[in-house]
Amino acid sequence: MTPQVRLEWEGKRAAGRPPPAELHLWEEYCLQPGSGPANRLIQGDNLAVMAVLKEELAGQIALIYLDPPFFTGMDRQAAVGEGKATLAYTDDWNGDLGVYLQWLYDRFSLARELLREDGCLYVHLSWHASHYARLLLDEIFGATRFQNEIAWCYREAINSKKRWNRKHDTLLFYSKGERFTFNADAVREPYAASHVKKYRLRDERGAYRLMGRGLTGSPLRSRRDLPPEYETRFPGLTYRHYLGEGTLPVDYWLIDIENQASPLRTGYPTQKPEALLERILLASSHLGDLIADFCCGSGTTLAVASRLGRRWIGCDVGDLAIHTTRKRLLETISEDGFRVESTDQPPSQAAPATSEAVRVEFEGRKARLRLTPEAVRWVDMWAVQWPKAGAENRVGDPLRPDWWAVRTRRTPVLTEVSPLFPLSSYLASPSYGPLLVTVALADAAGATSILPIPLDPPAEAMDESPSL
């Protein structure tokens with residue numbers, strides 16, 4: 001029997017206790033309303049989020065990727081404009097390793113409960129704490145469920161003369177059960193050109209080399225690249241060795257980081273390359289599977305999951321992380337949908353008053369919104385939810401945008417005017433109530449305001465003339 005080794009620290013308690021906070025929803029997005037279950041991007045403490053999701057999704061997630069803080073003792077800043085920076089996330093634990101280990105312990109425990117029986121967990125850490133994390137995961141998942149310690153090796157500036165320069169991260173790969181998903185063929189590496197050149201012969205099955213069988217006493221034993229005529233002369237002593245689809249995967253990965261010149265660079269610190277997450281998702285999930293990233297940062301996992309046809313849940317506590325991910329998804333996803341929820345504090349009210357940011361304009365029985373020149377200078381994304389026929393217009397309801405505009409690398413100039421919205425169905429009613437349009441405004445740092453704006457149509461829009 002495998003001896004049980006446990007990591008202990010002062011103040012250690014049972015894992016998985018969620019924080020004593022009430023959860024609430026303030027924002028919801030879906031690119032294709034009514035098209036089926038929406039993907040979810042959730043803002044809030046991931047322990048609380050995981051505890052809530054456990055009630056709905058226990059045993060249903062195929063793959064969880066966790067890229068938590070590394071216990072570096074540093075705060076990470078991100079540029080949000082010329083000469084401006086904001087806090088992206090904090091990794092400062094006041095030097096208290098026990099607090100950090102409890103943070104991991106709680107989340108690893110809930111991650112296991114959310115996984116399917118054949119599900120997989122990848123935990124992404126560095127030299128600071130990966131050795132501690134492995135002991136915690138052995139305790140929660142069982143030492144026999146450890147599958148791999150993967151070294152992600154990358155190239156960046158090499159500056160240290162005191163020790164070997166640290167240029168790899170560690171990914172700990174665990175399975176929940178004895179049987180788990182691993183699609184080796186999906187992550188084969190291409191053969192080197194020098195290897196492919198050796199396969200000079202070809203038939204209907206493809207390129208091959210003629211080899212000698214490893215038979216004792218055979219004059220051709222284990223010989224390689226035999227002349228083609230030997231196959232006829234020595235049919236029992238030779239065989240065709242065909243070129244495969246690539247080498248089987250190994251536990252060290254040479255993948256470049258998203259450097260400053262990369263077109264995929266978001267500006268979020270510690271952004272992971274899409275090639276890294278693509279390898280994980282291809283190996284440990286299938287088309288249509290539900291995957292989750294509870295420290296989603298810049299949204300790499302979610303963007304890759306959408307491209308590969310996986311359903312996803314993303315979570316982060318930071319304003320900048322949620323905003324960066326939201327922008328990335330709006331820019332890149334064309335067919336799938338997502339919704340954004342919050343389980344933390346209500347959105348900040350950093351935006352100016354409504355009258356200073358958004359103007360309402362009418363054209364016959366239609367309305368549209370326009371950003372004021374002052375707002376255009378700071379708004380990084382805005383979204384509009386028009387009133388729905390037959391629905392109450394209540395302040396504080398979740399936002400489900402009908403239209404949005406966002407600054408991206410592809411479209412750095414923000415659209416300042418919304419499309420026209422027809423008011424005919426409301427104005428034709430004998431007793432229509434006050435009309436409220438809901439607008440979300442976010443700045444480059446992710447501070448978001450949700451603004452209810454009353455629509456007060458002019459008298460000429462209320463007559464019986466046909467709508468424009």
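Where a number appears in this text, it was derived from the coordinates with a stated rule and is not lab data. Note that the coordinates shown come from a computational prediction; the quantities given were computed from them, not determined experimentally. Because the Cβ atoms are built from the backbone with ideal geometry, glycine has one as well, and the counts that use them run over all protein chains shown.
Assorted remarks:
- Packing-based order for 162-172, 293-303, 190-200, 438-448, using average beta carbon neighbours within 10 Å, highest first: 293-303, 438-448, 162-172, 190-200
- Ordering of 254-263, 124-133, 204-213 by packing [mean C-beta count within 10 Å, highest first]: 124-133, 204-213, 254-263
- Gyration tensor verdict on region 221-289 (Cα atoms; rounded if a/c is under 1.5, prolate if a/b is larger than b/c, oblate otherwise): prolate
- Set of region 176-202 residues, backbone N closer than 12 Å to the point 7 Å along the Cα-Cβ line of Thr144: 177-179
- Gap separating the Cα centres of region 161-214 and region 140-157, nearest whole Å: 17 Å
- The Cβ shell under 15 Å around Arg410 holds other residues with a net charge of +3, Lys and Arg each +1, Asp and Glu each -1.
- Links that overshoot a 29 Å alpha carbon limit, given the list Lys12/Lys54; Lys176/Lys272; Lys12/Lys327; Lys54/Lys272; Lys161/Lys327: Lys12/Lys327; Lys161/Lys327
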